[in-house]
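What follows is a short report on a single structure.
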């Protein structure tokens, strides 16, 4: 019996030594402060108009493509189809002559352009590539019609 009491005392002693259990720990939410919004830079105020300057509205700036100096055309292949594009200063009645020129350009040449240039009373036909005689003849006829020399 003594052994039983001794075992009971050994087992019960840690329970008496601890005493009351502490309260359950409380969970506090972290207090996170939101960062301040960055300040936007202030736009400079326009200078005040004086009496010397007239009250004019600001003009709008319009950017346009430069106009071509010389009339001309460009022949190119688009997925195996021969197409022609003309500069804006070519009269539509000369489109047929330009298409005839492109028909004479060999299909091995994928892209070629022709410009009709007038300098100090002299007329020139400028081509981007060397072409056969028939194509050169059609290019000359096109430029003659564009300049109104026929």
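Table: residues versus (1) over 17 Å from residue 137 (Cα atoms); (2) modelled with pLDDT under 90; (3) loosely packed, with under 13 Cβ neighbours inside 10 Å.
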{"site": "70", "(1), (2), (3)": "yes, yes, no"}
{"site": "73", "(1), (2), (3)": "no, no, no"}
{"site": "76", "(1), (2), (3)": "yes, no, no"}
{"site": "81", "(1), (2), (3)": "yes, yes, yes"}
{"site": "86", "(1), (2), (3)": "yes, no, no"}
{"site": "112", "(1), (2), (3)": "no, no, no"}
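Checked against (1) at pLDDT 90 or above; (2) surrounded by 15 or more Cβ atoms within 10 Å (Cβ to Cβ), residue 90 meets all criteria but (1). Residues in the range 103-124 that are under 22 Å from residue 77 (Cβ atoms) and part of a strand (DSSP E or B): 111, 112, 113, 114, 115. On the basis of being exposed (fewer than 10 other Cβ atoms within 10 Å of the Cβ), farther than 30 Å from residue 120 by Cβ and either in contact with a helix residue (DSSP H, G or I) (Cβ under 6 Å, 6 or more places away or on another chain) or at pLDDT below 80 (or both), does residue 44 make the cut? Yes; evaluated as a whole, the condition is true for this residue. The residue that is modelled with the highest pLDDT, counting only those in the range 1-12 that are in a helix (DSSP H, G or I) and surrounded by fewer than 10 Cβ atoms within 10 Å (Cβ to Cβ), is 3. Of the numbered criteria (1) closer than 30 Å to residue 123 by Cβ; (2) at pLDDT 75 or above; (3) assigned to a loop (DSSP other than H, G, I, E, B), the one residue 65 fails is (2).
Restricting attention to the range 127-150, the residues being over 37 Å from the mean Cα position of the chain (by Cα), assigned to a loop (DSSP other than H, G, I, E, B) and either without any contact (Cβ under 8 Å) to a residue 24 or more places away in the chain or surrounded by 14 or more Cβ atoms within 10 Å (Cβ to Cβ) (or both) number 2.
Condition check: modelled with pLDDT under 90, within 17 Å of residue 147 (Cα to Cα), exposed (fewer than 12 other Cβ atoms within 10 Å of the Cβ) and touching a strand residue (DSSP E or B) at 6+ places or on another chain (Cβ under 8 Å). Does residue 124 satisfy that? Spelling it out, residue 124 is indeed modelled with pLDDT under 90, within 17 Å of residue 147 (Cα to Cα), exposed (fewer than 12 other Cβ atoms within 10 Å of the Cβ) and touching a strand residue (DSSP E or B) at 6+ places or on another chain (Cβ under 8 Å). Kindly provide the set of residues from the range 84-102 that are within 13 Å of residue 70 (Cα to Cα) and not in a loop (DSSP other than H, G, I, E, B), ordered by number. Scanning the range 84-102 gives a single hit, 86.
The values are calculated or read from the model by the stated rules, or taken from the named source; none is laboratory data. Since we're looking at a predicted model, the values are computed, not measured. In this analysis, Cβ positions are derived from the backbone assuming ideal geometry, glycine residues included, and neighbour counts consider all displayed protein chains.
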